[in-house]
Amino acid sequence: EVQLVESGGGLVQAGGSLRLSCVGSGFPFEDYAIGWFRQAPGKEREFVGVIRSAGWTYYADSVKGRFTISRDNAKNTAYLQMNSLKPEDTAVYYCTANNPYRGNHYSLYDYWGQGTQVTVSS
């Protein structure tokens, strides 16, 4: 069974930090690109960033310089470190996976986690 499980969401004040985790199972985690997307109520799902199997990373302009994606293949885990959080970062954050890496649109990803809520207060 393929599974991705996000954790680490919560409520934080503007300017604060959170680290999200994504644990994968049921597939060769080390061979997959792991992406992060987010979706706020009434808005389209938005690309946040991705880390490819070789470790290359790409970020949306809206989070570049504030968010960092990393992975620990020995733990089948990817991370999204979020610093200098803003109220507009409030959304449900999703972990995704695909192999091979194809791009940054949500339709290109094969597997999805259940999401974790991040709320940033002003």
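The values are calculated or read from the model by the stated rules, or taken from the named source; none is laboratory data. Bear in mind that the values here come from a model prediction, so they are computed numbers and not experimental data. Neighbour counts are summed over all protein chains in view; Cβ atoms, including those assigned to glycine, are modelled from backbone coordinates with ideal geometry. Side chains included, ligands, DNA and RNA excluded: accessible areas come from the protein's heavy atoms. Shrake-Rupley method; radii C 1.70, N 1.55, O 1.52, S 1.80 Å.
Of note:
- Taking all protein chains together, D89, D72 sort by accessible area into D72, D89, largest first [probe 1.4 Å].
- Contact order, relative form, for the chain: 36 percent (alpha carbon pairs under 8 Å, 6 or more residues apart, mean separation divided by residue count).
- Partners of K43 within straight-line reach, counting lysines whose Cα lies under 18 Å from its Cα and excluding those fewer than 8 residues away in the same chain: K86.
- V120 accessible area, assembled protein chains, probe 1.4 Å, Å²: 10 Å²
- Put a plus charge on the Cβ of each Lys and Arg, a minus charge on the Cβ of each Asp and Glu, and nothing anywhere else: the dipole of the range 1-107 about its Cα centre is then about 200 debye.
- Solvent exposure of the chain amounts to 50 Å² per residue of accessible area, where only protein heavy atoms count and the probe is 1.4 Å.
- Surface composition of the chain: carbon and sulfur atoms hold 46% of the protein heavy-atom accessible area at a 1.4 Å probe.
- Solvent-accessible ranking of E1, E46, largest area first, probe 1.4 Å: E1, E46
- Among A78, A60, A91, residue whose mean-square fluctuation peaks in a GNM of the chain (springs only between Cα atoms under 10 Å): A60
- Between S7 and N73, the simple spin-label model (points 7 angstrom out along Cα→Cβ) gives 2.4 nm.
- Prolate/oblate/rounded label for the range 77-119 (Cα gyration tensor, a/c 1.5): prolate
- Sorting D61, D31 by accessible area puts them as D61, D31; the probe is 1.4 Å, largest comes first, and only protein heavy atoms count.
- Projecting the Cα atoms of G65, A78, T119 onto the charge dipole of the range 21-122, computed from C-beta unit charges around the Cα centre, puts G65 farthest toward the positive end.
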